[in-house]
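Remarks on the structure that follows.
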Amino acid sequence: MEDEKKKVMVAIDESEYSRYALEWALQNLHESIANKQLLIFTVQPISDYSYLHASSYGAAPPELIRNIQENQKKIALNLLDQAKDLCNKYGITAETVTEVGDPKELICEVVEKSKVQLLVLGSHGRGALKRAFLGSVSNHCVQSVKCPVLVVKKTA
């Protein structure tokens, strides 16, 4: 019976920090990643539609909400396509996945479900106060997943 290929997952969003983390991993972990399955994951945030209800006097048309959701999916798929193109430049084939929800929870769920052996994340470099109020996806993942987590900080 052949062993299942080990998996590395890079979680990205539209920030420069995510792109930097992906590129850093491709450059610095190339030999390791080339022999493993690379999974690129992004989350489509759950939108707050309350402003639509207020602006449309309490009844947002369902097609407007659907259009916003479809647009978010297009943005996520475009982001994943850009990530795949970057991987291809390094001779790496990547699988891509997107889901809708809370990034903190979904990243951890996909790591567990996909049996990922290494999670790579970018760091937004927020200070302690902002992290306390806004929360940190990378910190949550470091504390919650069972595999090693590499947090890549963009240097100035």
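The values are calculated or read from the model by the stated rules, or taken from the named source; none is laboratory data. These numbers were taken from a predicted model, which means no experiment stands behind them. As a convention, Cβ positions derive from the backbone with ideal geometry for all residues, glycine included, and neighbour counts pool all protein chains shown. Keep in mind that these areas ignore ligands, DNA and RNA; they rest on the heavy atoms of the full protein, side chains included. Shrake-Rupley method; radii C 1.70, N 1.55, O 1.52, S 1.80 Å.
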Quick test for you: out of 31, 4, 23, pick the one residue that is closer than 21 Å to residue 138 by Cα, acidic (Asp, Glu) and either in a helix (DSSP H, G or I) or at pLDDT below 95 (or both). 23
Of the residues in the range 74-103, those that are outside any strand (DSSP E or B), in contact (Cβ under 8 Å) with a residue 40 or more places away in the chain and open to solvent by less than 50 Å² (accessible area, probe 1.4 Å) number 8
Just to verify a result, which residue in the range 131-149, among those that are open to solvent by less than 60 Å² (accessible area, probe 1.4 Å) and more than 16 Å from residue 110 (Cβ to Cβ), is modelled with the lowest pLDDT? 135
Checked pairs for the range 17-29, first touching a residue at least 24 places away in the same chain (Cβ under 8 Å), second part of a helix (DSSP H, G or I) and charged (D, E, K, R), C-beta under 7 Å and 6 or more apart or across chains, list as none
Check on residue 49, modelled with pLDDT under 90 and surrounded by 13 or more Cβ atoms within 10 Å (Cβ to Cβ): yes
Restricting the range 7-21 to residues that are more than 18 Å from residue 44 (Cβ to Cβ) and touching a helix residue (DSSP H, G or I) at 6+ places or on another chain (Cβ under 9 Å), the one most open to solvent (accessible area, probe 1.4 Å) turns out to be 7
